[in-house]
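A quick write-up on the structure given underneath.
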Amino acid sequence: MQAALSTEAVRDFVQQHTVKIAVLVLTGVGVVALRRWVAGGKCRSKARLTGKTVLITGANTGIGKETARDLACRGARVIMACRDMAKADQTAQEIRQETGNGNVLVKKLDLASLQSVRQLAKDIQDNEERLDILINNAGIMMCPKWKTEDGFEMQFGVNHLGHFLLTNCLLDLLKKSSPSRIISVSSLAHDKGQIYFDDINLEKDYDPRKSYGQSKLANVLFTRELAARLKGTGVTANSLHPGVIRTELGRHVFPTLPWWKRVIALPMIILLFKTPWEGAQTTIHCAVDESLENVSGVYFSDCAPKEVAPQARNDAAARRLWDLSATMVSLS
């Protein structure tokens with residue numbers, strides 16, 4: 001009798017609250033669908049990397065950490081090139097324990113110092129027999145008007161010049177190890193970017209967003225010119241947009257917002273931003289997918305090729321940026 005009454009009570013409740021229940025169900029379904037859409041593409045390749053060596057800049061946090069973890073799972077020798085050595089050592093130990101791969105190393109790299117870049121490159125050249133995959137992942141976003149050790153605007157210096165020099169210093173080893181790959185993490189922000197050749201350090205008019213857009217466009221143009229120069233060598237170069245991700249990259253943006261904007265933004269960040277694992281999928285895809293062995297000079301998003309902004313297809317600008325960058329870092 002009680003069971004019958006309970007069933008009746010439930011039926012009555014449902015009838016009285018049909019609209020509310022329908023709204024809740026539809027909302028739940030919508031949230032799940034939205035999250036799946038936000039998550040984007042997933043790397044489907046099961047490729048193993050046993051016997052291969054990978055170098056990842058900024059691998060101690062965010063998508064760099066997830067990339068390092070995945071490639072370690074595949075059996076690669078993973079070199080984590082990081083500025084914060086204590087944090088990198090802790091992350092490396094975590095990855096070794098989780099993956100069972102003891103071949104995860106940590107090397108010092110401060111991309112805001114050309115001397116540090118050259119020291120790391122020499123270390124790799126002297127001590128590594130091969131380098132199969134170079135992932136230019138580290139970056140800084142929308143920081144104040146800071147300068148690198150060498151006097152360059154910080155975002156352009158770290159996001160572009162440091163990786164430009166590192167890549168060029170390691171090209172011989174990459175060619176020796178071919179087929180090999182170079183992957184540069186750019187951003188959709190390149191779409192609004194412009195290279196200010198007459199004021200490359202933005203001394204006249206610094207704006208954090210303007211600077212970030214320039215540095216991310218530089219990543220794509222660098223990759224375009226690099227791919228052209230590497231034709232026939234067995235080394236490919238591609239760039240990518242990882243998505244909008246919940247990482248420490250926004251450390252110079254979120255804390256500067258008024259508290260009420262942070263309160264409003266937090267649910268949106270949780271719902272609409274990718275997790276670091278989701279954000280790493282396109283990098284991993286570019287690094288391991290077998291179908292990309294001969295693909296070069298392409299920009300990816302959500303594990304698929306994507307058209308770049310018109311200014312990122314300008315070959316003359318790509319060559320001019322290369323020449324300017326080579327001069328700035330004293331590349332012979």
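The values are calculated or read from the model by the stated rules, or taken from the named source; none is laboratory data. On a predicted model such as this, the values are computed, not experimentally measured, just so you know. Here the Cβ is made from the backbone with ideal geometry for all residues, glycine too, and neighbour counts use every protein chain on show.
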What are the residues in segment 165-189 that are surrounded by 24 or more Cβ atoms within 10 Å (Cβ to Cβ) and touching a His at 6+ places or on another chain (Cβ under 8 Å), if any?
Ser184, Ser186, Ser187
Segment 117-133, subset assigned to a helix (DSSP H, G or I) and either under 21 Å from the mean Cα position of the chain (by Cα) or at pLDDT below 95 (or both), residue farthest from Trp146 (Cα to Cα)
Ala121
Return the pair list, or none, for Cβ contacts closer than 6 Å from residues in segment 187-200 that are in contact (Cβ under 8 Å) with a residue 24 or more places away in the chain and in the same structural domain as Asp302 (by TED's automatic domain parsing) to residues that are surrounded by 20 or more Cβ atoms within 10 Å (Cβ to Cβ) and among the hydrophobic types (A, V, I, L, M, F, W, C), at least 6 apart or on different chains.
His190/Leu217; His190/Val220; His190/Ala312; Gly193/Leu217; Ile195/Leu321
In segment 50-60, is there at least one residue being farther than 19 Å from His285 by Cα, in contact with an Asp or Glu (Cβ under 9 Å, 6 or more places away or on another chain), not in a helix (DSSP H, G or I) and not basic (Lys, Arg)?
yes
Note down all Cβ pairs under 8 Å where the first residue falls in segment 93-109 and is acidic (Asp, Glu), the second is in a helix (DSSP H, G or I), and they're at least six residues apart or on different chains.
Glu98/Arg69
What number goes with the only condition from (1) under 22 Å from Gly279 (Cα atoms); (2) at pLDDT 95 or above that Gly100 does not pass?
(1)
Helices (runs of 4 or more DSSP H) (entirely within segment 191-285) containing at least 3 residues that are at pLDDT 95 or above and surrounded by 20 or more Cβ atoms within 10 Å (Cβ to Cβ)
208-229
Under 6 Å between Cβ atoms, which residue pairs at least 6 apart in sequence (or on different chains) link something in segment 293-307 that is closer than 23 Å to Lys175 by Cβ with a partner that is surrounded by fewer than 19 Cβ atoms within 10 Å (Cβ to Cβ) and not charged (D, E, K, R)?
Glu293/Pro179; Val298/Pro305
Among the residues of segment 168-199, which ones are under 14 Å from Thr57 (Cβ atoms) and either in contact with a Phe, Trp or Tyr (Cβ under 8 Å, 6 or more places away or on another chain) or among the aromatic types (Phe, Trp, Tyr) (or both)?
Ser184, Ser186
Determine the pairs where a residue that is aromatic (Phe, Trp, Tyr), located within segment 160-186, has a partner that is assigned to a helix (DSSP H, G or I) and crowded, with 24+ Cβ neighbours inside 10 Å with Cβ atoms under 8 Å apart, the partner being 6 or more residues away or on another chain.
Phe164/Phe222
Test: Asp172 is more than 20 Å from Ala112 (Cβ to Cβ), out of contact with any helix residue (DSSP H, G or I) (no Cβ under 8 Å at 6 or more places or on another chain) and part of a helix (DSSP H, G or I)
no
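Yes or no: segment 83-102 includes at least one residue that is touching an Asp or Glu at 6+ places or on another chain (Cβ under 8 Å) and crowded, with 16+ Cβ neighbours inside 10 Å.
First, pick out the residues of segment 83-102 that are touching an Asp or Glu at 6+ places or on another chain (Cβ under 8 Å): 83.
So of that shortlist, the ones also crowded, with 16+ Cβ neighbours inside 10 Å come out as 83.
Yes; the residues of segment 83-102 include at least one that is touching an Asp or Glu at 6+ places or on another chain (Cβ under 8 Å) and crowded, with 16+ Cβ neighbours inside 10 Å.
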Filter segment 293-332 for residues that are part of a loop (DSSP other than H, G, I, E, B) and of a type in the set (Asp, Glu); which is surrounded by the most Cβ atoms within 10 Å (Cβ to Cβ)?
Asp302
Segment 158-202, subset aromatic (Phe, Trp, Tyr) and in contact with a Lys or Arg (Cβ under 9 Å, 6 or more places away or on another chain), residue farthest from Ile140 (Cα to Cα):
Phe197
Of those in segment 308-332 that are free of Cβ contacts under 8 Å to residues at least 24 places away in the same chain and not small (Gly, Ala, Ser), the residue farthest from Ala227 (Cα to Cα) is Thr327
